[in-house]
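Here's the structure, in structure tokens; my notes come after.
The values are calculated or read from the model by the stated rules, or taken from the named source; none is laboratory data. From a predicted model like this one, the values you see are computed outputs, not experimental measurements. All Cβ positions, glycine included, derive from the backbone under ideal geometry; neighbour counts span all protein chains shown.
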Amino acid sequence: MTRSSYHHGALRDALMDACLRLIEAEGIAAVSLRRVARAAGVSTGAPYHHFADRAALLSALATRGFELLRDDLAAARATAPTPLAALTVMAAAYVEFSRAHPAHFRLMFRPELSQPEKNPAAMAAGDAAFGVLADTIAECVAAGLLPADRADALAVAWWSIGHGIASLWLDGQLDKRAAQMGTPTADLVDQVMTTFTALTGRG
């Protein structure tokens, strides 16, 4: 498909999708605007209509990834009967996101994209995703289920555990441990987060 075949935001989306495929196949180091253009079937100059450089493309992808993660966390939260139960289902959603969007997940948390002054949109989207968790923690505190003086620390702890589990599963390490335990990996994830919630909650 040539550039003339794309309309409005379609070219931008096509370039971002091509970049994701390249990351999944060869890793982030393989990304260049020239290679992305080739993968999208457009001229080498076409990406510059939407992205100033490679860093801008990666930042846009990270932003989209955080937006998708925010939506997944919010959807999971809506299915839970209580805010405390939501912490477990949201953890499952976080882990599932990493498996459904591995290229996004590997990209979103890279150090070079964690600079607010250079990537304000990505940082804002990341804060919005974290905000879903923070709001749920606040609901737990309001209901007397979690201690108010540890709310911020608990939010970071939840994120750290969820991210660690997601990374271990994505890299194949969690499957090995689950197999040794004779437990399905998804069940192990649920057990870990349920245990964490039980240890930190008051009810």
Test: ALA179 is within 16 Å of the chain's Cα centre (by Cα), assigned to a helix (DSSP H, G or I) and either of a type in the set (Phe, Trp, Tyr) or not assigned by the TED database to the domain that holds ALA25 (or both): no
Qualifying residues in region 171-203 (those that are modelled with pLDDT of 85 or more and among the small types (Gly, Ala, Ser)) - the one nearest to HIS101 (Cα to Cα): GLY172
Residues of region 28-63 satisfying the condition of being free of Cβ contacts under 8 Å to residues at least 12 places away in the same chain and either of a type outside the set (D, E, K, R) or within 25 Å of SER98 (Cβ to Cβ) (or both): ALA29, ALA30, THR44, GLY45, ALA52, ALA56
Residue list for region 64-90, filter: among the hydroxyl-bearing types (Ser, Thr, Tyr), assigned to a helix (DSSP H, G or I) and either touching a residue at least 40 places away in the same chain (Cβ under 8 Å) or assigned by the TED database to the domain that holds ASP13 (or both): THR88
